[in-house]
1. Under the condition of being part of a helix (DSSP H, G or I) and among the polar types (S, T, N, Q), which residue from the range 535-565 is nearest to the chain's Cα centre (by Cα)?
2. When you scan the range 315-327, do you find a residue that is in a loop (DSSP other than H, G, I, E, B), among the small types (Gly, Ala, Ser) and not assigned by TED's automatic domain parsing to the domain that holds GLN549, even just one?
3. Is it true that some residue in the range 291-305 is surrounded by fewer than 23 Cβ atoms within 10 Å (Cβ to Cβ), in a strand (DSSP E or B) and not β-branched (Val, Ile, Thr)?
4. (1) more than 30 Å from LEU370 (Cβ to Cβ); (2) part of a loop (DSSP other than H, G, I, E, B); (3) over 19 Å from the mean Cα position of the chain (by Cα): which one isn't true of GLY288, the others all being true?
5. Would you pick out the residues in the range 252-264 that are surrounded by fewer than 22 Cβ atoms within 10 Å (Cβ to Cβ) and either touching a residue at least 60 places away in the same chain (Cβ under 8 Å) or under 20 Å from SER334 (Cβ atoms) (or both)?
6. Any idea which of (1) under 30 Å from TRP728 (Cα atoms); (2) surrounded by 19 or more Cβ atoms within 10 Å (Cβ to Cβ) is the one HIS374 doesn't satisfy?
7. Is it the case, given these coordinates, that VAL242 is part of a strand (DSSP E or B) and within 20 Å of LEU363 (Cβ to Cβ)?
8. Being surrounded by fewer than 13 Cβ atoms within 10 Å (Cβ to Cβ) and either assigned by TED's automatic domain parsing to the domain that holds ARG525 or not aromatic (Phe, Trp, Tyr) (or both) narrows it down to one residue among ARG436, ARG404; which is it?
Amino acid sequence: MKHTRQILSVAVPVPLTGLFDYYLEDLDDPTQSCLPGQRVWVSFGNRQLMAIVVEVKDNSELAADKIKPVLRVLESDNIIPSSVMQLCRWAASYYHHPIGEVYSAALPTLLRGEKPLPVSTTTWVSLTDAGKQTDPKTITRSPKQSQLLDVLLSQNPCSLAFIKQQSLAGSPLQSLIKKGLAEKIEVKEQLAQKNESSALLAEPNLPLNDEQQHAFDQIKQELGNYHCFLLEGVTGSGKTEVYLQAIEAVLSNDQQVLVLIPEIGLTPQTLSRFKNRFNCPQTVLHSGRTERQRLHGWQHANSGHARIVIGTRSAIFTPFKNLGLIIVDEEHDSSLKQQEGFRYSARDLAITRAHQQKVPVILGSATPSLESLHNAEQNRYTKLPLTQRAGNASLPIFRLLDLRGRPLEGGLSQPLVKLIRQHLDKQNQVLIFLNRRGYAPVLMCHECGWISERRNCDTRMTLHHSPRYLHCHHCDEKRGIETSCPTCKAKELNPVGLGTERTEQVLQELFPETPVVRVDRDSTRKKYAFENMIAEIQTGKPCILIGTQMLAKGHHFPNVTLAAILDADGALYSSDFRGMEKMGQLLTQVAGRAGREKQQGEVALQTLEPEHPLLRCLFNEGYPTFASHLLRERKLIGLPPYGYIALVHAQSPFREKAQNLLQQLSDYLPDNSETEVLGPIPSTMERRAGRYRFQLMLKSEQRQTLHQSVSQCRLFLENLKMDRDIRWQLDIDPIELF
């Protein structure tokens with residue numbers, strides 16, 4: 001028998017650049033041939049790893065005896081479609097990241113090993129021959145068993161999901177199975193089967209105002225083509241309704257929709273609105289789902305069964321059978337940028353994918369990023385403004401509360417306490433925003449001034465009250481609270497500063513008759529805790545909400561009429577050039593929670609800087625004017641979006657090693673006027689989790705020039721012999737200065 005070889009160039013999930021050649025033997029067996037996008041199992045060094053086939057060819061530049069065989073082909077077909085393969089190749093090139101790790105990140109975790117792709121099944125219940133011969137009336141001692149048997153006789157087999165809906169899936173079902181009258185069977189899902197029996201809309205669309213109608217008409221006109229829309233709408237202007245009607249138009253063409261959201265916290269309300277509107281299969285992809293749930297959602301999208309996919313940033317790599325529209329909600333949000341490992345921007349990849357697949361993409365926000373605003377000014381995006389709140393809602397009244405010379409009670413000034421009381425007396429709800437978890441940011445000794453510093457981080461440990469412990473929110477170290485000062489042994493240790501826990505306690509003391517609901521990462525750790533809190537708020541009963549930015553984004557609280565911001569002054573003097581932009585976005589988003597329906601809303605900001613020009617601009621003239629001022633500043637100093645930057649990060653347990661590595665890199669880079677090299681300098685938090693961190697910034701007016709310099713950096717670092725305890729990373733278009 002003739003034997004032939006097929007050479008496979010595969011991407012292996014290791015931190016090395018390039019592809020690796022393997023051979024596949026005995027191609028007379030048609031099940032052994034491979035396609036790009038297929039998974040294979042290979043030997044790599046002293047390990048065995050899953051790899052993705054990128055190219056199939058007849059020969060290799062390597063000598064035949066240097067090429068290893070593929071150990072096993074894991075599927076009979078490719079599982080990554082060409083569209084996602086193309087997106088991964090672009091991402092690996094643009095972000096200068098190893099291609100194997102990019103492909104691995106595009107797969108659900110359960111597909112990164114050697115297990116084959118599971119067949120999706122659903123559980124059904126079927127009657128046995130004995131069950132078919134049994135009269136339900138003969139089961140006299142258990143009405144539930146009799147009822148279940150009657151159901152099975154009328155529709156056999158019956159889905160387990162339907163039996164659960166009838167509250168018959170527990171003891172009644174188990175009893176019938178034990179008696180030999182019924183059995184469970186696994187049936188392969190017909191994923192792509194379309195339900196023609198029900199209308200697409202479960203509830204009618206809401207009427208659109210003139211601005212919403214214009215936006216929808218513009219989007220609908222571009223279906224089937226690439227076009228990037230920036231839907232800039234004030235909070236409460238009805239952006240979601242524009243999304244929903246655009247989605248309906250896409251679904252009517254038998255296509256699918258991807259909706260990217262920045263955080264898990266927005267998923268329940270988004271999914272609820274979508275499920276209430278559409279009679280079609282929908283799936284959710286985020287880290288809060290189990291690995292098996294995420295894999296099933298991935299399969300449902302790939303097969304075409306899931307018509308709408310809602311997910312956080314990694315969902316951008318989801319394969320679709322027939323993608324027709326991408327929506328990026330809260331496009332400005334920093335959560336859309338991956339901050340570790342493969343540092344990609346889901347927003348930017350969404351635009352790239354839409355361009356590659358020739359579909360429109362909608363970027364929605366009340367506070368667009370300066371990059372998106374600049375692209376709209378350059379006519380790369382079409383700007384769709386929504387300047388009015390939907391329905392009869394009006395924009396809130398803004399108040400700057402001057403704290404200079406005023407006493408504070410638990411961080412609350414008397415004018416603010418008076419405002420809170422006025423709104424509660426009208427049976428309304430109040431939202432208090434403090435972007436600081438825990439009880440207090442510092443525990444201090446009153447005698448000698450000792451503070452609760454983290455041993456291995458350049459930061460202080462936050463005091464948590466219930467339960468009582470110290471927690472570093474940067475490296476996640478936790479430890480018990482000292483009973484006495486470690487330095488002078490004094491017993492008096494005092495909390496200094498405010499966190500959400502402490503503010504909650506103060507509010508409960510000031511307003512004992514009013515429920516106080518704290519919403520932060522600590523109070524929502526338990527399963528369904530966040531959903532239960534939101535449901536409690538949605539009842540509309542008077543209450544005070546205290547929380548971090550989890551409360552600020554996208555939520556619709558009809559009865560909140562006052563939004564109060566306790567402390568935002570720190571952002572006015574941030575070392576990050578994006579600090580002012582982020583502050584303006586966050587304050588605007590918080591303000592948008594107030595007065596979203598018939599009642600007039602108020603926004604109060606406590607500040608020691610009431611005369612700050614940009615703060616007054618934001619509150620008096622709104623975010624668009626505020627953003628215009630920031631864009632003029634950026635243009636003067638050549639920072640994004642008027643220039644391009646990349647960061648090279650280095651870290652080591654030894655300060656000198658991290659600094660010296662970047663100094664060597666800086667010395668290696670050629671001197672030229674096109675790329676400016678700044679640093680190395682310590683990161684904002686120089687030491688974290690026992691490792692010293694430095695960074696080198698590359699800055700250029702031209703994107704192509706910057707990427708050429710980044711390529712030189714990567715080549716130098718990959719070929720440099722360095723100690724194992726040194727780590728380095730590249731960050732293209734960083735949104736945080738580490």
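The values are calculated or read from the model by the stated rules, or taken from the named source; none is laboratory data. Predicted, not measured: the structure shown is a model, and the values here were computed from it. Methodologically, a virtual Cβ is constructed for each residue, glycine included, from the backbone with ideal geometry; neighbour enumeration extends over all protein chains shown.
1. Start the filter on the range 535-565 by keeping residues that are part of a helix (DSSP H, G or I), which leaves 535-538, 549-551.
Applying the additional criterion that residues be among the polar types (S, T, N, Q) yields 538, 549.
Numbers: GLN538: 24, GLN549: 14 Å.
The extreme case among them is GLN549.
2. Within the range 315-327, none of the residues are in a loop (DSSP other than H, G, I, E, B), among the small types (Gly, Ala, Ser) and not assigned by TED's automatic domain parsing to the domain that holds GLN549.
3. For the range 291-305, residues surrounded by fewer than 23 Cβ atoms within 10 Å (Cβ to Cβ), in a strand (DSSP E or B) and not β-branched (Val, Ile, Thr): absent.
4. Just one mismatch for GLY288, condition (3).
5. From the range 252-264, those surrounded by fewer than 22 Cβ atoms within 10 Å (Cβ to Cβ) are 252-255, 263-264; that's our starting set.
Scanning the range 252-264 gives ASN253, ASP254, GLN255, GLU263, ILE264.
6. (1)
7. In short, no.
8. ARG404
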